[in-house]
Amino acid sequence: MILTGPEIVRQRRRGALTIEPFRPLQLNPVSYNYRLGTVLKTHQALVTDTHADHGLDEFEIPECGFVLRPGRVYLGTTAEVIGSSEFVPSLIGRSSLGRLGMFLQYSADLGQVGSCHRWTLEIKVVQPTRVYAGMPAGQVTFWSTAGDALAYRGRFGRLSDATLPSAGLLAPAR
């Protein structure tokens with residue numbers, strides 16, 4: 001079952017999910033609009049090998065924006081710290097960006113119960129597209145689970161640019 005917008009607010013207040021910072025105007029009927037963070041990364045190599053480690057070029061998006069080019073995969077992050085100890089987050093791109101030929105989260109849209117951080121965004125464009133830090137990029141939905149859930153214990157469970165308290169997995173709702 002998917003959480004409605006009002007239920008996202010209730011569960012956040014209860015501490016069962018985290019969206020920080022939270023802006024009520026970004027709330028939708030069954031989702032929350034996440035924004036693009038300030039940093040992008042792209043592979044240094046023009047030819048990638050699935051058996052090799054690849055270096056990434058990293059840069060901040062300037063105030064005037066940055067033009068993404070076709071033929072490259074860009075990695076960004078959400079501006080918000082997002083996660084839940086009880087619900088499964090799922091991130092998708094905005095349909096308005098898809099109609100421009102910009103695609104986000106096209107292969108890894110499903111999160112894990114217990115994972116809370118700034119999410120890595122996979123970004124690809126079919127035509128040159130200017131992006132801006134802080135722009136609305138997509139929606140996150142939260143889904144309830146059936147059966148006993150195994151908490152996520154991977155490397156991203158406590159990673160979030162030091163924005164989460166070290167003693168707990170999730171930041172308290174504000």
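Before moving on, here are some points about what is shown:
- Of the residues in the stretch 51-68, not one is in a strand (DSSP E or B), under 15 Å from the mean Cα position of the chain (by Cα) and farther than 16 Å from Ser144 by Cβ.
- Selected residue (criterion: modelled with the highest pLDDT) from residues of the stretch 133-155 that are surrounded by fewer than 16 Cβ atoms within 10 Å (Cβ to Cβ) and among the hydroxyl-bearing types (Ser, Thr, Tyr): Ser144
- Test: residue in the stretch 108-120 that is of a type outside the set (S, T, N, Q) and within 18 Å of Val67 (Cβ to Cβ): no
- Applying the condition of being part of a loop (DSSP other than H, G, I, E, B) and under 19 Å from the mean Cα position of the chain (by Cα) to the stretch 1-14 and asking which residue is surrounded by the most Cβ atoms within 10 Å (Cβ to Cβ) yields Leu3.
- Scanning the stretch 24-50 for residues that are more than 18 Å from the chain's Cα centre (by Cα), part of a loop (DSSP other than H, G, I, E, B) and not hydrophobic (A, V, I, L, M, F, W, C) returns Pro29, Gln44, Thr48, Asp49, Thr50.
- If you go through the stretch 15-31 and keep only what is touching a helix residue (DSSP H, G or I) at 6+ places or on another chain (Cβ under 8 Å), surrounded by 12 or more Cβ atoms within 10 Å (Cβ to Cβ) and over 16 Å from Ser144 (Cβ atoms), you end up with Thr18, Ile19, Phe22, Leu27, Asn28.
- Residues (under 16 Å from the mean Cα position of the chain (by Cα), among the polar types (S, T, N, Q) and either crowded, with 20+ Cβ neighbours inside 10 Å or not in a strand (DSSP E or B) (or both)) located in the stretch 89-104: Ser95
- Residues considered: Gly37, Gly65, Gly76. Of these, the only one that is farther than 18 Å from Val9 by Cα, surrounded by fewer than 16 Cβ atoms within 10 Å (Cβ to Cβ) and in contact (Cβ under 8 Å) with a residue 60 or more places away in the chain is Gly65.
- So Glu86, is it buried (at least 16 other Cβ atoms within 10 Å of the Cβ) and part of a strand (DSSP E or B): no
The values are calculated or read from the model by the stated rules, or taken from the named source; none is laboratory data. Every value quoted in this text rests on a predicted model; they were computed, and no experiment measured them. Cβ: placed from backbone, ideal geometry, glycine included. Neighbour counts: every protein chain shown.
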